[in-house]
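Asker: One structure, pasted below without further comment.
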Amino acid sequence: MAEGKADSVRALRDQIAACVHCAAMLPHDPRPVVQFGEGARLLIIGQAPGSRVHASGVPWDDDSGDRLRDWTGIGRADFYDADRVALVPMGFCYPGKGANADLPPRPECAPLWHARVLALLPPDRLTLLVGIHAQDHYLADRRTLTERVRDWATAGPRVFPLPHPSWRSTGWMKRNPWFEADVLPALRAAVTAALGKAEMAP
């Protein structure tokens, strides 16, 4: 990799780590959680860190991450290799707890940082849009999440919409058996093509 690009990645990581843009709107001190490197050919855009990820500082370090790794077939070593996989949520900081679930990602975050992060990634990357917030931001349609996931091939070249892999997805998968039968094999094939040889999830 060109040294100049590597320097740009390090500089942007440092800027993100120091970000306090939403400090006044958060119920805790900011702790941006993001992972990216100039060689990452798989980009996973999720929602926002939960409380466990906020505590550990490791993206997708929870039950949702376990389920996502199972869906994609990626083992932890490759998943946490920043030069293979970029983990870029819609909001980099834990937004806090709402009445029945975590609050939505802060709306200021993606417009502030995403374009700068994505500009440093390979142009031929595969992008997984995980959950309604990522899909609403990046897909120019008014379809439901279920419609987008079912018709994943229409999302665009090298784009794959997915439900959020929280515990709620268990019931959603039971109501939509086509996801496990049809979508997951296509997802794993696309991820394998993007990453080449990779450690498979146990």
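Asker: Going by amide H atoms built from the backbone, whose H comes under 5 Å of the H on Ile74, apart from near neighbours?
Answerer: Ala201
Asker: What full-extension length gain, to one decimal in nm, is calculated for Trp172 and Asp151 as 0.36 nm per residue of separation minus the Cα-Cα distance?
Answerer: On the way: separation 21, 0.36 × 21 = 7.56 nm, distance 1.58 nm.
Extra length available between Trp172 and Asp151 comes to 6.0 nm.
Asker: Using a 1.4 angstrom probe on heavy atoms only, work out the carbon and sulfur share of the accessible area of the range 22-115 in %.
Answerer: Details: 1800 of 3660 Å².
Answer for the range 22-115 is 49 percent, counting heavy atoms of protein chains only.
Asker: For the range 1-114, what class follows from the C-alpha gyration tensor (a ≥ b ≥ c being the square roots of its eigenvalues): rounded when a/c is under 1.5, otherwise prolate if a/b is larger than b/c, else oblate?
Answerer: Values: a/c = 2.23, a/b = 1.19, b/c = 1.87.
It is oblate, given that a/c is not under 1.5 and a/b is not larger than b/c.
Asker: Compactness ratio of the chain: Cα Rg over 2.2 N^0.38 Å, N = residue count?
Answerer: Normalised by 2.2 N^0.38 Å, the Cα Rg of the chain equals 0.98.
Asker: For labels at Arg143 and Asp66 in the simple 7 Å Cα→Cβ model, what's the distance in nm?
Answerer: Placing both labels 7 Å beyond Cα along the Cβ direction yields 3.2 nm.
Asker: So, R0 is 22 Å and r is the distance between the beta-carbons of Met25 and Ala77; what FRET efficiency does that work out to, to 0.05?
Answerer: On the way: r = 36 Å, r/R0 = 1.62.
The pair Met25/Ala77 has a calculated efficiency of 0.05.
Asker: Please list, in chain and number order, the residues 5+ apart from Leu43 or on another chain whose amide H is under 5 Å from its amide H, with Hs placed from the backbone.
Answerer: When sequence neighbours closer than 5 places are left aside, the close amide H contacts are Ala86, Leu126, Thr127, Leu128.
Asker: Taking the highest mean first, how do the peptides 41-52, 56-67 order by number of other beta carbon atoms within 10 angstrom per residue? Working shown, then result.
Answerer: Values: 41-52: 21.8, 56-67: 18.0.
Result, highest mean Cβ count within 10 Å first: 41-52, 56-67.
Asker: Taking only protein heavy atoms into account and a 1.4 Å probe, give the accessible area per residue of the chain in Å². Kindly include the intermediate steps, with their values, before the conclusion.
Answerer: Numbers: 9850 Å² over 202 residues.
Per residue, the chain has 49 Å² of solvent-accessible surface.
Asker: Moving to a separate point now. Tabulate in residue order the Karplus-calculated ³J(HN,Hα) for the range 56-67, using 6.51 cos²θ - 1.76 cosθ + 1.60 with θ = phi - 60°, rounded to whole Hz; enter x for Gly and Pro.
Answerer: Values per residue, Gly and Pro as x: 8, x, 10, x, 6, 8, 7, 4, 4, x, 4, 5 Hz.
The values are calculated or read from the model by the stated rules, or taken from the named source; none is laboratory data. Please read all numbers here as calculations on a predicted model, not as lab measurements. Neighbour counts run over all protein chains shown; Cβ positions are idealised from the backbone, glycine included. All accessible areas refer to the heavy atoms of the entire protein, side chains included, with ligands and DNA or RNA removed. Shrake-Rupley method; radii C 1.70, N 1.55, O 1.52, S 1.80 Å.
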